[in-house]
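Read through the structure below, which is laid out as C-alpha cells, and then see the notes.
The values are calculated or read from the model by the stated rules, or taken from the named source; none is laboratory data. The model shown is predicted, which means the values in this text are computed figures rather than measured ones. Note that each Cβ is placed from the backbone with ideal geometry, even for glycine, and that neighbours are counted across all protein chains shown. Surface accessibility is based on the protein's heavy atoms, side chains included, excluding ligands, DNA and RNA. Shrake-Rupley method; radii C 1.70, N 1.55, O 1.52, S 1.80 Å.
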Amino acid sequence: MHIAVVTLFPSMLREALAHGVLGRALERGVVKVDCFDPRDHAVDVHRTVDDRPYGGGPGMVLKVEPLRDALRAARAASPSGSRTVYLGADGVRFDQQRAREARGWPGLILVAGRYEGVDERFVEREIDEQWSIGDYVLSGGELPALVVIDAIARLIPGTLGSAESAVQESFTDDLLDWPHYTRPASVDGRGVPEVLSSGDHAAIGRWRLQQSLGRTWLRRPELLERRGMSGEERILLEEFKRAAAARRMEDSRVIDESYGEGESNEQDHSATER
Ligand code: 4FV
C-alpha cells in the first residue's frame, strides 16, 4: 500500500517508522511511505508556511498555497483513487473499522496540521475525510499520522510475520483482547490459568473468547451492544459474570474475615486497653 504524508516534519515520520514490524514492512516494500513538506513549496525567501489568524487570537494558521502544492506533489506520487485525509481533533473518530476500510483503498494521503490548524479553504477544496484519534488537542498531526499508518499497515498481508498475526487481537472481532501470559509459570505466587497449559485448543479458544467477551462487557459495554452476540457467546458471558460475582463474593468474604479478625484483635486490644 502507498501512503503519502504532507508534513512539516518528514524526519519525525521517517525516524518513527524505522522500527519493529513497521520498519520491516517498509524495508520489504509491503508498505511505502513518502513525505511531502509544505516548506519545500513555500515561494518567499523566508519559506513561510503559516500566518496570523484572521479575526485575531493566539497562534498561527497553515497557509493554503504551500499546503496545496505539497499535496499536489503527493498526489502525483500516489496511485490514482487515493483518498486524502486531514488529521484534526474535530474529525470523525479513527477506529479499527476505518483502518479496515482504508486498507482497501488504492492509496492514502495523510495531511498533518501544525499550529492552530490549517486554512479552512484548504480543507473545503482538498480534503476527502477528517479523522481524529481522540478527544484531546495535540501539537501536530504527525503522531496521529503514525497511529493511522501503524493500524492500517498491520492489516496488510506481509506486514506481520506469522508470529505476530493480526488475525487474533483486540477489535479484530470488535472485542477487547483476552489476557496474555508467558513464562515463568508462577510470578509472586500467582500462576497461569490452567486451561492455557491443557493443550486442549478448543477449550483454550473458548476460554479466550469468554475472556474477551467478559472484559469487553466490563470495560467497553457499548462495543458489545454494537457488536451483538451469538447464543453460545451469551452463555459464555453469563458463565463469566457468575464466576466474576463468585470471585467478588470470595474477595469480600476474605476481607470481612480479616476485618473480623481485626475486630477480635480490636476487642482484644480494647480488652487490654480497658
Ligand atoms: C489531532 C487529534 C489533533 C490540532 C491542531 C494538530 C492537532 C494541530 N489530530 N487527532 N486529536 N491535531 O489534536 O488527530 O494542528
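Rolling a 1.4 Å probe over the protein heavy atoms leaves Phe9 with an accessible area of roughly 90 Å².
Please work out whether segment 201-247 counts as rounded, prolate or oblate from its C-alpha gyration tensor, where a ≥ b ≥ c are the square roots of the eigenvalues and a/c under 1.5 means rounded, while otherwise a/b larger than b/c means prolate and anything else oblate?
Here segment 201-247 falls in the oblate category.
Accessible surface of Glu257 in the full protein assembly, 1.4 angstrom probe, to the nearest 10 Å²? Rounded to the nearest 10, that gives 100 Å². Estimated from the Cβ-Cβ distance and a Förster radius of 35 angstrom, the FRET efficiency linking Ser139 and Arg83 is about 0.90.
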